[in-house]
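For reference, the structure is listed below as structure tokens.
Each reported figure results from applying straightforward, stated rules to the coordinates on display, with no laboratory input. The structure presented is a predicted model; accordingly, all values stated were derived computationally and were not measured. All Cβ positions, glycine included, derive from the backbone under ideal geometry; neighbour counts span all protein chains shown.
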Amino acid sequence: MMLREKEKKILFALRKKPLTAKEISDITGIPLSTVYRLLKNISEFVQKERKFFSLTLKGRKTLEIFVNDNHSSKASKNSRGVP
């Protein structure tokens with residue numbers, strides 16, 4: 001599954017602790033109705049307990065891969081003299 005930018009923002013917002021959909025919306029700037037829709041789209045990466053959403057193991061691993069890939073691409077650009 002290819003994650004879109006807003007879905008990545010949601011995963012990143014959930015990296016430290018479980019959040020409500022409203023908190024996710026406030027942190028990411030994504031409208032609340034869109035947050036609910038995106039949470040359904042990425043249900044394999046996010047779990048809900050009562051009103052709180054948190055990352056599943058797969059969500060944590062996916063976020064880790066995304067962060068590592070992002071750091072790798074920045075490092076390779078810097079080694080080529082690209083700002």
*Just rank 43, 33, 25, fewest to most, by other beta-carbon atoms within 10 angstrom.*
33, 43, 25
*Long-range tail of P(r) for segment 5-79 (Cα pairs > 13 Å, %)*: 64
_Label zone at residue 67, where the point sits 7 Å out along the Cα-to-Cβ direction: segment 9-38 residues whose backbone N lies under 20 Å_ = 9-20, 24-25, 27-29
